[in-house]
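Visitor: Attaching a single structure in structure tokens format; questions to follow.
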């Protein structure tokens, strides 16, 4: 009539009936599916400029909105087009123009209390000699101050092989819209470069009781089948 099948560390009973399989499948999906995330970071590879069109590479001063959906904060940054190879698309941003700078954008569509992972690619400006480049990344909401995350990189690269590395940091949403900021903490004109900024919801872990729940559902379905026989 049926057979034992291992699920995780537990065995569940499988019958040949489609209703049983459908019930177990639904239970698995209910406890293991990663929730969809509507959160979005717009223009995360800096490919789109505003109507003030920046051609090629350019130094952008404080207050500049030349990169669509992004705003330059203190200091200045370099929008790099073809000077070196980007991680994604054609453009990247050196967080040091003539000195340390910062750049910010809003993250929309966050769900309060949900955990998100912000990912971005990091490399060092290959000019200016080998040195450690350091940046800070933060996600803030109005009235909320959180310590930034610090990332360091020592470039061992050149313009055609930038050796981009993917960095990740996590935050818990405290508002539907929050401000993402990248800031250089290096003083030279040859800073760290960022590209391919994106966001993903942190998967919900499978509850420890999930195998027991599946066993219960399987047993209930089997009992119903026997009663109806």
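The values are calculated or read from the model by the stated rules, or taken from the named source; none is laboratory data. Note that the structure is predicted; figures quoted are calculated from it, not measured. Heads up, the Cβs are rebuilt from the backbone with ideal geometry, glycines too, and the neighbour counts pull from every protein chain shown.
Visitor: For residues that are without any contact (Cβ under 8 Å) to a residue 60 or more places away in the chain, under 18 Å from residue 201 (Cβ atoms) and either touching a helix residue (DSSP H, G or I) at 6+ places or on another chain (Cβ under 7 Å) or surrounded by fewer than 15 Cβ atoms within 10 Å (Cβ to Cβ) (or both), tally how many sit in the range 162-189.
Guide: 4
Visitor: Specify the residue that is modelled with the highest pLDDT; the eligible residues are those in the range 190-205 that are closer than 29 Å to residue 108 by Cβ and outside any strand (DSSP E or B).
Guide: So, considering only residues that are closer than 29 Å to residue 108 by Cβ and outside any strand (DSSP E or B), the one modelled with the highest pLDDT is 191.
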